[in-house]
Each structure stands twice: as C-alpha cells, then as structure tokens.
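Novice: Here you go, one structure.
Every number in this text was worked out from the coordinates using simple rules, so none of it is lab data. Note that the structure is predicted; figures quoted are calculated from it, not measured. Methodologically, a virtual Cβ is constructed for each residue, glycine included, from the backbone with ideal geometry; neighbour enumeration extends over all protein chains shown.
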Amino acid sequence: MKNIKLAVIIQFISVIAFAQTISNDWPVLKTYDQNHIQKIKMPVGGIGTGTISLTGRGSLEDWEIMNRPAKGFNPTLENWGPVKVKGPFFAIYMEDENGKKQTRLLEGPPDESYYEGDWGATSNNHGLPRFGSASFKTAYPFGQVYLSDENLPVEVVLGAYNPLIPGNIDDSSIPTAILNYTVKNTSKKDITISLAGTIQNFIGFDGTRGKTINNVNTIREENGVKGIHYTTNGVDPESEQWGTMSFVSLNEGHTSYRTDWQPKTSRWDKKRLDFWDDFSADGVLEKRVNEEANAPMGSLAVKTTLKAGEEKNFKFLISWHFPNRQTWDKPGFQKLITATVGNYYTTKYTDSWDVISKTLPRLEELEKNTKTFVNALIKSDMPEEIKESALFNLAHLRTQLAFRIKTGQLLGWEGVFDTHGSCFGSCTHVWNYEQTTAFLFGELAKTMRDVEYGYATDDQGLMSFRVYLPLEEGQKWGKAAADGQMGSIMKFYREWQLSGDDAFLKKHWPKVKKSLEFCWIPGGWDADKNGVMEGSQHNTMDVEYFGPNPQMGFWYVGALKASEEMANYLGDKKFAKTCQSLFDQGSEWMDKNLFNGEYYEQHIQPPMSKDNVAESLMGAADDANAIDLTSPDFQLGKGVLVDQLVGQVFSHIVGLGYLAKEENIKKTLESIMKYNYVENMTSHANFHRSYALGDESALLMAAYPNERPEKPFPYYTEVMTGFEYTAAIGMLQEGLTEDGLLCIRNIRDRYDGKKRSPFDEAEAGHHYARSMMAWAGILATTEFHYSAVEKSMRFTSKPGTYFWSNGYSYGTCEVKNKKAEITVLSGKLELDSFSLEGIGTKKFQTKIIDTMENFNVKL
C-alpha cells in the first residue's frame, strides 16, 4: 500500500457514553419462533469450566459440569430410565385476588419428537403443566426465552448468560450460570406469585460414571444472599466427580427452602407429587427430612406480590467447583495415562460458594461489559450471517470441548460425544482451522503453542499431532501430521504477531525452526528439499497422502514464509534465505504442475517402499503398516478439494499475502463453487456421515469432474462446516463476496433451531473445534489486520462501523470519507501506523489508546 502524506488528527475522548446508550435490554441478533426452538441448547458456562445448556423452551439441560461431556444428562432422583427423566426445573405459582391458584413449569411446550417411547414421552419433565407459547431470542452469550399463555395472568422472560469479555480470560471463565426471570402481571388485578427452582445434589455422578454417597444440602444466608450449598460427606475427595455446587437467590420476598424431598414410602414413589402439591398450595415450601438420601433434592422458592401491569426481575445463580480433572480417556477403554491434571478455574476459588461471593459484587459490571462486547459486534456493518456464524460458534470454546489444566494451558478435544471427548490431544490438524481463541483470548492461544513446542515436539523436530497428559508425557503419541505441523508454525507466527511478545518468540524459536527442518529428514515430507511435499503426508482426512497436493503444499509454503519472517526478525539470515528459496521454488512448482487451469490437484506418487518413508511420518492408524505403497488407496487425486487453499486463507489472515499466483487462487475458489456446491442434497449420494440432508444446500468435501480414484479419501462425499467456512472465507478474501456469503448462510440455515442447535455445529462430535474458523469471516469482511510487532492496524476503506479484536483488546472502527475513528472498548492498543485498504497508510509516533478512548485518523 502506498503511503500518503496527509494530516493526522489525534483526539482522546471518553466514550463512556457508548455503554450508556446501549439498551438495558439484553442484545438480540436472532429470534427463533416456536417452530424453531426444538433443538436449541445454548451452553451457559465459562471457558474451561463446563456448562449447563439453556434450551429453546426454557429448561436447563445437559449438566456438563463435572469435567466430562454429558449430553442428555438431566440429574434426577432416580438417575435412570426415560420415564424418569425429570431433572432440574423452575416453576411459578400464581394466585389472583379471587383465590384462583395455578402452577406451571417455567418452560414452553416440549419437543413433539419426544412424545413417543416404550414408556410414553421421554422429554425432560414431560408430564408437568407449562406455558403454551415460547420463542427464543439470542446474541451469544445471552439467551432469552419468552413464555406466554392466554390462560395465565403473567408473561415471563427467562434470560441466561455467563460473562464473556474479549481479552479478559478470568472474567470469561467463571463457573456459573446467571439466570434472570422477568415476570409481568398482564392482568388488571394484583396477583401473588412464587418462583421455585429445584436442583438435585448429584455430586459424585457425572451422568455416566461415579456414585452419589452421603451428599448434604445446607441452607446459607449471608449478606443478603440466600441459597443452598451442595457438598458431600461420602464421595472420594480425589475423584473426578468430587466438588461443590451452590444455588442462590438474589431476590426480595419470602424465601422458603427444602434441603430434601420426602423419603420414599412405597414402591409407588410420590416425592414429586408431594412437592407439587406443597408448592401449589400457597407458593411456600415446607421442609422435609430424608436421612437416607444419598442425592438429596434442593429446592428454593421466593414469594412476592405483583400489582396490575407490574413486572419484577428475579435473579438466581448456579455455581460449581470440581477440581479433579483427569487425563484424556474414554469410558470402556483403558486410560492412556492415569493422572490428575486439575482445572485452572478451581485455583481461583476455594469452592462454589466462593464463586458466588466473588462474583456477586461484580455482577452489574460483568453484565455491562459483556453487553458492550456483544452490542459492538452485532451493531457492526457486517452481513448478518457473518456475525451469527462467528458469535454462535464462539460457544464451543466454553463447552467441554476445551479445558484449562491447573498449570494454565488450554487443551481441547476435536469435538465431544455424548459422554466422552472425541479424539484427544488438541489435534493440531483440527485446531489449525480455529481462529476464535487467538483473536479473542490471545494469551490462551499462546498456551496452546507452549504445549506444541514446549512438550509435543522432540529434539528431531517431530511434533506429536496429539499430545498426551500430563504434559511431561506429551511426546508419547510420536506421530507427525504434515498439515498439523506446518499449520502450527503459522499459528505460532500469528500468536507472535498479535501479542508482540519477543520473549515468546525467542523461547520457542529453536523448536519452531526444528519442526520445519523436520520436513527435510531422509524419508521426510520434502526429503529432496525443493519446496514441494512428496512424502507420506498424514493429514486431517485421517489418511496419508502420497505425492504433491495443494492442501499440504499450501500449508508448507505458508510455514516457509512465516518462518522466513521470524528468522529475519531474529537475525537468522541464513535460515531465512533457505526458507525464501524453498518458498519460491514450491510456490512456482505448484502453479506450474498442480494447477490444471481450474484448480489445484494431487499428483499421486507412491514411494514404492516403506524404506523411503520415515516411520514417524506414517500417521496414527494402527494398520499403517498395511498401506499398499505401490498403489495407495484413499487419495485425493484429480478431485476438487473444498479446503485445498486453507494455507492460503490462513496466510491472508496473518498478513503474509499470496502463496501462489493471485489469478490461480481466485479461479480455484470459483471452481470449488462450480463443482462442490450442491443446491439440494436430495440428489446427492453420500456414503459416510450426513451433516446435510434433504433440501439443504452445502459444499461437498470433494468433487470429481474428471477422473476419480476407485477409493478416494473416506470423507469425500460428506459435508462439514469447518471446511465450508474455509472455502467461503477464501471467497470473501478474493472478492467473491456473494458466493462466500451464500455458503455461510447455507450453514446457518441448517442450524436453524428446528433441525439442529444453532450452538452446536458438529463434525466428529458436538461443538467441533474446526467450525470456529467462522471467526475469520469477520476478518475477511472488515479486511482487519493487526500486528503488535509492527504496531500497525488495517481496515477496509468501505464506509461503515466495524468490530475488531486482536486477542488482547477490542473495539470498533468507524470508516467514513477517508477518515477512521478507532474506539478501544476494552484493553489497550499501541499503534505506529494505520491503513485503509486501497487509500493509504499513515505513520506516526506510537499512540497508546486505552479503554474507553478514541483515536481519530484522517487520511
């Protein structure tokens, strides 16, 4: 970009008014009507803490707070059987001036797909009366359920959230669910109401494993906070399921409790009937004693009066504290290594009541800061599908997908199955795609690089693409992935650029350098050191590619370019020159040999002998030795791969520019849209997993307009959102805006609340990490780039107001008439230069813009 010598005007002004202009109501990006709430489950919890999900009808389900996934776990007295699925719930008692009493579950109608079962309906609390109408409004992390019923004198809005502030990791990692019930009297008479919540003490049982033993519920009232503290006198303090929970009310009014329900008196257990009769009589709970209960129920009710037309807010908090996280494992399989690695969040609190005590004084501040972030994003001048896909997929980071061990490092599964993680080890070739963590929580992203280079990479440069726990055992996987290893180099470059942390660069550079040199070992990916990968290349398709191909090729040249930049910065001129030479050779070779005029293809080159392939490069499959190296199956061949340009997409994200000819890149993306796009999946034959069906539209993993191998790589007929986002963002980067937006819009149309949850894009498991590539849609749309190393920032010159975040601070940038107003809403920003794409760059002495300050630039 050409520098333009124009005046620069710098003005620091308070923008506290920004927050004050935000409505007191929670922000809303999308509304789901009653026909589109059936599958909604919004995770409510902090980073690395586990979650509880708010459903579209208002129930709290999937209690995943004990260190493991627990889809469908709704802790009940019985803990077994579909007819027994009667987990935690909230209910409301209403009584008018004439003495008419009504009691309802604070939920909307159940999903009709759960009406039928061998014992009847199987939905949670299926038999209890409830509101007739429900809708769901959300802008993650805020979810609101609107409940109404023509036969009831109230309307209710249930809001649930957990604080989320970019750059502020601790405030975004609180183990709590904050619930706010707004009840409005819609009648013309005063009414008495009571809200009651019930949660079982299930400490010791995570939904799959463990057992409740002598658990205890204790009433606590401290400093105006009234609640129940859940502990245990019998569960092993060393077990993964040991810990504490708390359930508190922050409301005025008459408060009553039960620390248990009545004991079982016969085979026809009527504990629930007793509770319902008691609450429905007057809205006040009578105490019950059950000395034999191992998992006592805890119930809390608040009773007050609503005048005609009046509305009141009722706030409740649920918190938890389970410190004994174990290493990776799956039920039914022997643990890889048995050890306790702990949870970082539990080092911040002594127990769940301490979570309440430390969070309560800051509730207003935390809510305001979260609203400021969400409003800044959703009010930006970006397409709705970009905002939705980026924000809603952010939810994945706060599920059991990711966790933070006691020493602070962030790790993650690839996805989560119902009761255990999917594919352990922070798999590098999956997490390569994820862009959310780096641009919202930079320090957490750096810890992932610390794991890769501090624990997973050996002295030869082999990076285990899955890392064992404890971290000291990290290298024991012992298998390298070509895309994972090259992508990790690019991720390391990204983290250095966003943080400007030279100590971080210098600490890990020897292993980063070694991991690139690993390509050149005998039998390696580029053994002849010509800038082209030809060797056995294990990759994210869970196969080995043999011969040059675009997917590995672009990761490789991207890693070469990133390494050249870092080497030059550190004064390692010789290595930088080597990287530059190999980049030039590799880039030119791919354009000349792999680009077929429409897209890049694979040239299958069997190595003929295992002697020519380093054992460490043969992938992770148990049957790797059975691969026919003379004519290998499961190759790409002449197919159009949906993410063949993933390395190029990443290169644009981190500001490294083009890795091959610009015209070839754009043509390839046009070809992906031409060949891989399916308007209606009804006509498509898929032989593996189905993530798109019927009349849905999607981008296929691969298409074969010409010649197809007899046995292509296994996923070629599938559809997976992380790969679709990669292609779509590439299209946005190259100006193919309508195509890119269409592809993203199609994804979000599939996750519409009716067929699938908007907060659960799946691949090999729920909440799949790769789908967090969606955050790059914001980067592509705004053309945002930031370097803390150069202290530079760049935006599109298209007029509008745009959200930005760099992992350490965030804010907005208003572009108008060759002017830009940069607002920092949280954190601190240092700039030496600012650019508007296509207009120019202005350099100046370092300017520091702090929280709630503006910086005006005129070009």
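Novice: What whole-number volume per residue, in cubic angstrom, does the convex hull of the C-alpha atoms of the range 380-782 give? If you can, show how the numbers build up before the last one.
Specialist: Working: hull volume 52.8 nm³, N = 403.
Taking the convex hull of the Cα positions in the range 380-782, it is 131 Å³ per residue.
Novice: In whole percent, what relative contact order does the range 380-782 give with Cα contacts below 8 Å and a gap of six or more residues? List each step's numbers first, then the result.
Specialist: Details: 826 pairs, mean separation 82.2, N = 403.
For the range 380-782, the relative contact order is 20 percent.
Novice: What does the highest-first list of 150-157, 542-549, 766-773 look like by mean Cβ count within 10 Å?
Specialist: Highest-to-lowest ranking by the protection proxy: 766-773, 542-549, 150-157.
Novice: Now a separate question. Could you order peptides 485-493, 202-210 by the average number of other Cβ atoms within 10 Å of their residues, highest first?
Specialist: Averaged packing, sorted descending, gives the order 485-493, 202-210.
Novice: Given the range 211-358, report the % of alpha carbon pairs whose separation exceeds 26 Å.
Specialist: Considering the range 211-358, 41 percent of its Cα-Cα pairs are separated by more than 26 Å.
Novice: Same structure, new question: Relative contact order of the chain, please, whole-number percent, based on alpha carbon pairs below 8 angstrom and at least 6 residues apart.
Specialist: Relative contact order, the chain: 13 percent.
Novice: For the range 393-427 and the range 807-859, write down the distance between their C-alpha centroids in whole Å.
Specialist: About 35 Å separates the Cα centre of the range 393-427 from the one of the range 807-859.
Novice: Let me ask something else. Which entries of K387/K798; K446/K514; K287/K358; K30/K818 show an alpha-carbon separation above 23 angstrom in the structure shown?
Specialist: Long pairs (Cα-Cα over 23 Å): K287/K358; K30/K818.
Novice: How about the range 174-208: which trypsin sites (Lys or Arg not before Pro) there are in a DSSP loop, with at most 15 other Cβ atoms within 10 Å of their Cβ?
Specialist: K188, K189
Novice: Can you give the helix-only mean residue ellipticity at 222 nm for the chain, where every DSSP H stretch with n ≥ 4 adds -39500 (n - 2.57) and the sum goes over all residues, rounded to the nearest 500 deg cm²/dmol?
Specialist: After summing the helix terms and dividing by the residues of the chain, the value is -7500 deg cm²/dmol.
Novice: Once every Cα of the chain carries one equal point scatterer and solvent is ignored, give the base-10 log of I(q)/I(0) from the Debye formula at q = 0.07 Å⁻¹, two decimals.
Specialist: Log10 of I(q)/I(0), two decimals: -0.56.
Novice: Enter the per residue convex hull volume of the range 373-454, computed from alpha-carbon coordinates, in Å³ rounded to the nearest integer.
Specialist: So the per-residue Cα hull volume is 115 Å³.
Novice: Right, here's the next one. Based on the mean of other Cβ atoms within 10 Å per residue, sort peptides 385-394, 282-291, 414-423 so the most packed one is first.
Specialist: Packing order, densest peptide first, comes out as 385-394, 414-423, 282-291.
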